[in-house]
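A short write-up of the structure that comes next.
Taken together, the values in this text are just the output of simple stated rules run on the coordinates, not laboratory data. No experiment lies behind these values; they were computed from the predicted model shown. Neighbour counts are summed over all protein chains in view; Cβ atoms, including those assigned to glycine, are modelled from backbone coordinates with ideal geometry.
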Amino acid sequence: MTQAELATAFAEMHQKGNPLVLYNIWDAGSARVIVEAGAKAVATGSWSVAAAQGFDDGEQMPLEIALMTANRICKTVDVPVSLDFEGAYAVGPTAVATNVTRVLKLGVVGINFEDQMIGGKGLHKLEDHVKRIKAAREAAEAFGVKLFINARTDVFLREPNRDWHAGLMPQAMERLAAYAEAGASGLFVPGLVDGELIGRICEEYALPVNVMRVPDSLPLAELSELGVSRISHGPGPFRLAMQDLALSYIAGMT
């Protein structure tokens, strides 16, 4: 399929009640393994990609290495590839558009785009991040590919006390509504695990809603019933793989 066809196919995989499950990968080798195991699409996790190259998360890995990794993944598998692009390694809309164009040229058909200030404190001002999403969308339209922009808000992820998540809903809903209007393709709420709150977000928006699996997440069947359209695993797969590697090393030394 062409890149444009892959983008269309990827978007169609997001279905309320029948979520696309993405077991996040970190390099071309891990992408190939899960595609051979049956995955219809692959998505990177920024934490995992950075850790695999010896860097911390939060755009500590140089952009050129991130692009090289994305390029190798796109050349290795023939399924849609989504890139966890963090904050697009940019602040202003013009720089965002430039970097989005760069990843599109590699064959990527989707990105995660978050609203936290990488290397700073808090979230981008709502009006500023709306401009950033619009710039990403305009860059994709100019390129000729309907890029799946998975607009991520870190409202919940930044608050470890889940008892306070209900009180953060107005702020999160305001942001998600603005992101949808700005041109987002999907809405990502990592850190949110409360079924009632997830259900409210799924009911509120027509766009696909993405949640991230953690050890105490709701079962897949319950998330499907709530209307979730996409489920990510984040850094979990990388951590499990590294644990297995360590155990294999120990076994091999005895």
### Message
With the structure loaded, tell me whether residue 143 is within 22 Å of residue 92 (Cα to Cα), more than 15 Å from the chain's Cα centre (by Cα) and of a type in the set (Phe, Trp, Tyr) or whether it fails that test.
### Response
yes
### Summary
Among the residues of segment 85-144, the number that are at positive phi and free of Cβ contacts under 8 Å to residues at least 40 places away in the same chain is 2
### Scan of segment 222-254 for residues that are farther than 12 Å from residue 16 by Cβ and in a loop (DSSP other than H, G, I, E, B), ordered by number
233, 234, 235, 253, 254
### Query
Within segment 27-58, how many residues turn out to be over 28 Å from residue 227 (Cα atoms) and either touching a helix residue (DSSP H, G or I) at 6+ places or on another chain (Cβ under 8 Å) or not charged (D, E, K, R) (or both)?
16
### Task
Name every residue in segment 24-42 that is in contact with a Pro (Cβ under 9 Å, 6 or more places away or on another chain) and surrounded by 18 or more Cβ atoms within 10 Å (Cβ to Cβ), in order of residue number.
24, 25, 26, 30, 34, 41, 42
### Query
Among the numbered criteria (1) out of contact with any strand residue (DSSP E or B) (no Cβ under 6 Å at 6 or more places or on another chain); (2) in a helix (DSSP H, G or I), which single criterion is violated by residue 90?
(2)
